[in-house]
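Some notes on the structure that comes next.
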Amino acid sequence: MEPSFSAQSGTLFRDASGRYCASLDGYRFLSVFQPIFYKGGSLFGYEALLRVVDEGGEWQAPDRFLAGLPPERAQLADTLARLIHVRNFAQSRQESCLTLNLLAATVQEDHRGRTHLPLLKNLLQSVELDCGGVIFEVPARELEHHGQALLDGLRHAAEMGFGTAVDDFGAAEAPHGKVTELSPDIIKLHPSLLHEYMAGETQRLPALLEQGWQIGCRMLVEGVETAEQLEAMRALGVELYQGFYLGRPGELAVACQL
């Protein structure tokens, strides 16, 4: 069943190709997906990414767009993005994992002790996707900023069967205490670590890899843009890879309409 939205809460619709889109306050939301690969080259899954277009047809930076919204509208935009991502991924009939970037409020309890997780689980069931194939991704700085509330929310998500991932691990401004405490399924290394390593700073990245492995996490390197970078990371034993050299974000083919 299609979700019901009022004019003030956004609109969900299909484009001419059958892909789901959404609109909110004059902005149009689109889904693209960037592939993630194993060390050996086989496909692990896709990260769903939001694209935002304003009324004049200009592309807007999604992070900046969401950050400029009041909290309630940002949460609604996040919900709409999640709806189109899940439905477009399900329509592609991909037999791989899907990673979703989430706002902290999606998994944290509200003042009534509720979260959005049951609704998301129902959405996945309605399009025949399993929770175990969906990974929630949050930036390391958000995990440290929101502290125990977000940590508890992600643990609850894991108990429901969802995967967890922490993005931007190793960024200079982000400490690692809560990341270690969470012990997510996947840790995504900040692209700056790869650039530093290739420029000759060969201590920090291996140390962070070892830190992740010690707590049982799969390690993913982002920002792979050359064959040289790929081979260097393979030599270090990194398991998962993402970057323009391997695959740019793009739309997934519609195999069926749901």
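The values are calculated or read from the model by the stated rules, or taken from the named source; none is laboratory data. If you're wondering where the values come from, they're calculated on a predicted model, not measured in any experiment. In this analysis, Cβ positions are derived from the backbone assuming ideal geometry, glycine residues included, and neighbour counts consider all displayed protein chains.
Descriptive notes on the structure:
- Just one of (1) touching a Leu at 6+ places or on another chain (Cβ under 7 Å); (2) at pLDDT 95 or above fails for P184. It is (1).
- Qualifying residue in region 113-134 (condition: in contact with a Leu (Cβ under 7 Å, 6 or more places away or on another chain), of a type outside the set (K, R), crowded, with 20+ Cβ neighbours inside 10 Å and under 15 Å from A157 (Cβ atoms)): yes
- Test: residue in region 43-56 that is in contact (Cβ under 8 Å) with a residue 40 or more places away in the chain and surrounded by fewer than 16 Cβ atoms within 10 Å (Cβ to Cβ): yes
- Of the residues in region 185-199, at least one is among the hydrophobic types (A, V, I, L, M, F, W, C), in contact (Cβ under 8 Å) with a residue 24 or more places away in the chain and within 21 Å of Q108 (Cα to Cα).
- Among the candidates L129, L143, L124, residue that is in contact with a helix residue (DSSP H, G or I) (Cβ under 7 Å, 6 or more places away or on another chain) and more than 27 Å from E95 (Cβ to Cβ): L143
- Cβ separations smaller than 6 Å between residues 6+ apart or across chains give the following pairs from region 123-137 residues that are touching a residue at least 40 places away in the same chain (Cβ under 8 Å) to residues that are among the aliphatic types (A, V, I, L, M) and part of a helix (DSSP H, G or I): L123/V86; V127/A90; L129/A90.
- E47 fulfils the conditions (1) farther than 24 Å from D130 by Cβ; (2) modelled with pLDDT of 95 or more; (3) of a type in the set (D, E) except for a single criterion, (1).
- Cross-chain or 6+ apart pairs with Cβ under 8 Å, region 214-238 first and farther than 17 Å from Q203 by Cα, then in a loop (DSSP other than H, G, I, E, B) and polar (S, T, N, Q): I215/S183; G216/S183; C217/S183; L220/Q242; E222/Q242; G223/Q242; V224/Q242
- In region 178-231, the qualifying residues are those that are more than 22 Å from the chain's Cα centre (by Cα), acidic (D, E) and within 19 Å of L246 (Cβ to Cβ), and the one that is surrounded by the fewest Cβ atoms within 10 Å (Cβ to Cβ) is E231.
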